[in-house]
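Engineer: Here it is, the structure, as structure tokens.
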Amino acid sequence: MANGNAMQQQKLQQVRDAAAKYLPATAEVLLGGQSVKVPDMLSVLDAALATYAPVTAARSTLKQTQADRTQKVAAARQEVAQLKAYLLVAWGKDSQQLAAFGFEPKARTPLTSEKNTLKAAKAVLTRKARGTKGSQQKLEVTAQGQPGLVLVDASGTPMPGVLKGPSAPGLTNVTATAPSSTPSGK
């Protein structure tokens, strides 16, 4: 639309400039069955051309204002999202105080019996896969010996002389010099 207005303005300006240049100021032209003096016609064209400048300025101001609004609203939305996250942490997602800020409190919906059964079955499978144990099962697990640090080489055999602290059952506490800090072959 703005492009069409610019073309229309350009056309009016071209007609006005040509009329001022080629038509004598004392001449009269017949327009729509009426005789019109050239200066009167030029003043009508000038008045029409004068309306384009404020519209162009207003359109430019409107575009700038809209761009500013878009930027400020985006910043405000980010602030509101951060505030909502803070309030959810501070008060919980089912707090009725959230409604005062325009946020809907979300009550937890109970699981259906089907989903609850699936949840329990997944938990059992996860424990089995990961080897996790419950509090009662952990009490049944016992170990002998004291914790200590044993360094092993790439093949998995304990390195002699690098045994520190109490030993694990079945390993002898061998004291020897520690190997150099540079690996062999380098």
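FYI, it's all coordinate maths here, none of it is from the lab. This structure is a prediction, so every number in the text was calculated from the model and none was measured. Please note: Cβ atoms are built from the backbone with ideal geometry, for glycine as well, and neighbour counts cover all protein chains shown.
Engineer: Could you figure out which of (1) touching a Phe, Trp or Tyr at 6+ places or on another chain (Cβ under 7 Å); (2) assigned to a loop (DSSP other than H, G, I, E, B) isn't true of ASP94?
Structural biologist: (1)
Engineer: Hey, another quick one. When the range 38-53 is examined, which residues are found to be more than 60 Å from the chain's Cα centre (by Cα) and in contact (Cβ under 8 Å) with a residue 12 or more places away in the chain?
Structural biologist: Correct list: VAL38, PRO39.
Engineer: Okay, next question. Would you check which residues across the range 38-60 are hydrophobic (A, V, I, L, M, F, W, C) and either over 15 Å from MET7 (Cβ atoms) or surrounded by 13 or more Cβ atoms within 10 Å (Cβ to Cβ) (or both) and list them?
Structural biologist: VAL38, MET41, LEU42, VAL44, LEU45, ALA47, ALA48, LEU49, ALA50, ALA53, ALA57, ALA58
Engineer: Would you say THR26 is surrounded by fewer than 11 Cβ atoms within 10 Å (Cβ to Cβ), within 39 Å of the chain's Cα centre (by Cα) and of a type outside the set (Asp, Glu)?
Structural biologist: Considered against the rule, which asks whether it is surrounded by fewer than 11 Cβ atoms within 10 Å (Cβ to Cβ), within 39 Å of the chain's Cα centre (by Cα) and of a type outside the set (Asp, Glu), THR26 comes out as no.
Engineer: Another one. Show the residue pairs that are 6+ apart or on different chains and have beta-carbon atoms under 6 Å apart, the first residue being within the range 16-37 and assigned to a loop (DSSP other than H, G, I, E, B), the second being among the β-branched types (Val, Ile, Thr) and surrounded by 13 or more Cβ atoms within 10 Å (Cβ to Cβ).
Structural biologist: LEU23/VAL38; ALA25/VAL38; ALA27/VAL38
Engineer: If LEU118 passes every condition in (1) closer than 22 Å to ARG77 by Cα; (2) surrounded by 11 or more Cβ atoms within 10 Å (Cβ to Cβ) but one, which one does it miss?
Structural biologist: Failed condition: (1).
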